[in-house]
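Peer 1: Below: one structure in structure tokens.
The values are calculated or read from the model by the stated rules, or taken from the named source; none is laboratory data. From a predicted model like this one, the values you see are computed outputs, not experimental measurements. Cβ placement follows ideal geometry from the backbone for every residue including glycine, while neighbour counts extend to all protein chains displayed.
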Amino acid sequence: MNRVAYLARLEAARLSALERRGAARREALEVAAGVTETVALSEARGARFEAAARRRGERDAPYRRQAGLEWLAAKGRLSQAQKAAGERYGLCFRRAGVEISIASTLDVQPGGGSATGAPLSAVLARAEARVQAGTKLALYRRRLSDHDALVAACDLVCGQELTPREAAVSEREAGKLEAVLAVALDLLAAQS
């Protein structure tokens, strides 16, 4: 191989590497712009995010969406007792709402397993946990006297983890929802 051909190949390889790096850099910038746009749109709808701490050498820190209770507690609008009561309510709400499919008798395999791979005992344990969560959720709702506004506030902010602004149509409604939620959480915290 002559020297000119060798140098031409080296130059072609260098240019190809530069082109790949440039393409990767453009793609990273486009992804970052897309993430920024998505976060901005979600924040405009009322979602709250916190940027994770940057590690050394990292350009952009990932975002983590704040749940409604976290956001209210971070703003100092909830006491620790209210937040704990809301977390208990939310956990029961999410567990009770999970649809767990119990396999039909045709689906159960000899040896205690199901066709989906989960042992029958695990499927039954999840179903039992769902029933217990539903019972506890009903108890929490009775503590709220099954009041529609109190239950709805807890369902939206504690259960669905929405911020008051995400759950309401206006700032005024968000303020009302926050006030109703505070009353509901006081009732739940007092009886725990």
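Peer 1: Which of the numbered conditions does A168 fail, given that it passes all the others? Conditions: (1) under 20 Å from E70 (Cβ atoms); (2) at pLDDT 90 or above.
Peer 2: So A168 meets the others, but not (2).
Peer 1: Report whether or not E173 is out of contact with any helix residue (DSSP H, G or I) (no Cβ under 6 Å at 6 or more places or on another chain), assigned to a helix (DSSP H, G or I) and in contact (Cβ under 8 Å) with a residue 40 or more places away in the chain. Talk me through it step by step, then tell me what you get.
Peer 2: Numbers: out of contact with any helix residue (DSSP H, G or I) (no Cβ under 6 Å at 6 or more places or on another chain): yes; assigned to a helix (DSSP H, G or I): yes; in contact (Cβ under 8 Å) with a residue 40 or more places away in the chain: no.
So E173 fails the test.
Peer 1: Pairs only if they're at least six apart or on different chains, beta carbon under 6 angstrom, first in segment 133-150 and within 11 Å of Y89 (Cα to Cα), second crowded, with 18+ Cβ neighbours inside 10 Å and of a type in the set (G, A, S); list them, first residue then second.
Peer 2: A133/A96; G134/A96; L137/A96
Peer 1: Further question: List, please: which pairs have Cβ atoms under 7 Å, are six or more places apart or on different chains, and start with a residue in segment 13-38 that is under 25 Å from F49 (Cα atoms) and end with one that is of a type in the set (D, E) and modelled with pLDDT under 80?
Peer 2: Once the first residue is under 25 Å from F49 (Cα atoms) and sits in segment 13-38, its partners that are of a type in the set (D, E) and modelled with pLDDT under 80 give A32/D60.
Peer 1: Oh, and also: Just a yes or no: is a residue in segment 141-148 in the same structural domain as R77 (by TED's automatic domain parsing) and closer than 30 Å to A44 by Cβ?
Peer 2: Step one: of segment 141-148, the residues in the same structural domain as R77 (by TED's automatic domain parsing) are 141-148.
Add one more test, that the residue is closer than 30 Å to A44 by Cβ, and what stays is 148.
Yes: one or more hits.
Peer 1: Moving on to the next point. Every residue in segment 40-73 that is in a loop (DSSP other than H, G, I, E, B) and either within 16 Å of the chain's Cα centre (by Cα) or at pLDDT 70 or above (or both), please. Break it down stepwise before answering.
Peer 2: Step one: of segment 40-73, the residues in a loop (DSSP other than H, G, I, E, B) are 45-47, 52-62, 67.
Within segment 40-73, R45, G46, A47, A52, P62, A67 meet the criteria.
Peer 1: Could you list, in sequence order, the residues of segment 140-186 that are surrounded by 21 or more Cβ atoms within 10 Å (Cβ to Cβ) and among the polar types (S, T, N, Q)?
Peer 2: The one that is surrounded by 21 or more Cβ atoms within 10 Å (Cβ to Cβ) and among the polar types (S, T, N, Q): T163.
Peer 1: Any residue at all in segment 2-13 that's surrounded by 10 or more Cβ atoms within 10 Å (Cβ to Cβ) and within 22 Å of the chain's Cα centre (by Cα)?
Peer 2: no
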